[in-house]
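The values are calculated or read from the model by the stated rules, or taken from the named source; none is laboratory data. Just so you know, these numbers come straight off a predicted model, no measurement behind them. Every residue, glycine as well, gets a Cβ built from its backbone with ideal geometry; the counts of neighbours run over all protein chains shown.
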Amino acid sequence: MRRSSYLLLSALFLTTVVTLPALAGDKPVRSKGQTLYVPAYSHVLHGDRNQPFLLTATLSVRNADPSHPITVFSVEYRDAKGSMIRQFITEPPKPIAPFAAAEFVVGESDKRGGLGASFVVRWKAETAVAAPVVETVLIGTAAAQGISFVGGARVIEDLGE
């Protein structure tokens, strides 16, 4: 294959994936509940003119405990100014079984969050459990270009005993 063809194909299918590795020496966290802050983006800027590149944001809440369920009782989507845009849980919450997951999605066309969008997640459990893995997966595609990356949660409050 000629070099120019290879470069063209590479440009057409370019996707960037960035993940955040666990820190060496991390000890398992056990809790009966937490409030988590999770960065999200409705878009990122690109090019010399800071053009928006729209993204779909998927919040993934994974119960990492092998024996006990957890319950996510609040998922708020907030904009760059901190104002709540959407509360995802409007019905009585359902438990997430051991090693199961729940997803919450903000569509690519929803630009209200801005560059500083975030999720605030509150979960609880009957007994101290392994803390869930909570991440945002952000992905966008346009005109044969794509971008994807993952953002992790930060504990801002421990609700357990």
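For region 28-73, filtering for residues that are within 19 Å of the chain's Cα centre (by Cα), outside any strand (DSSP E or B), hydroxyl-bearing (Ser, Thr, Tyr) and within 30 Å of ALA130 (Cβ to Cβ) leaves 1. Where residues in region 91-143 are among the polar types (S, T, N, Q) and in contact (Cβ under 8 Å) with a residue 60 or more places away in the chain, which of them is surrounded by the fewest Cβ atoms within 10 Å (Cβ to Cβ)? The extreme case among them is THR127.
Residue-level check: of (1) modelled with pLDDT of 55 or more; (2) in contact with a Gly (Cβ under 7 Å, 6 or more places away or on another chain); (3) more than 30 Å from THR127 (Cβ to Cβ), SER31 misses just (3).
Restricting attention to region 39-75 and to residues that are of a type in the set (D, E, K, R) and surrounded by fewer than 17 Cβ atoms within 10 Å (Cβ to Cβ), the residue that is modelled with the lowest pLDDT turns out to be ARG49. Are any residues in region 85-125 in a strand (DSSP E or B) and either touching a His at 6+ places or on another chain (Cβ under 7 Å) or of a type in the set (Lys, Arg) (or both), and if so, which ones? If the condition is that a residue be in a strand (DSSP E or B) and either touching a His at 6+ places or on another chain (Cβ under 7 Å) or of a type in the set (Lys, Arg) (or both), then ARG86, ARG122, LYS124, ALA125 are the ones that fit. Residues that are surrounded by 14 or more Cβ atoms within 10 Å (Cβ to Cβ) and of a type in the set (A, V, I, L, M, F, W, C) within region 76-90 comprise ALA80, ILE85, PHE88, ILE89, listed in sequence order. Between GLU91, GLU135, GLU103, the distinction of being more than 15 Å from the chain's Cα centre (by Cα) and farther than 15 Å from HIS43 by Cα belongs to GLU91 only. Pairs linking a residue in region 58-78 that is closer than 15 Å to THR35 by Cα to a residue that is of a type in the set (S, T, N, Q) and not in a strand (DSSP E or B), with Cβ atoms under 9 Å and 6 or more positions apart or on different chains, are ILE70/ASN63. May I ask you to verify whether THR141 is outside any loop (DSSP other than H, G, I, E, B) and modelled with pLDDT of 95 or more? When the stated conditions are applied, THR141 does not pass them.
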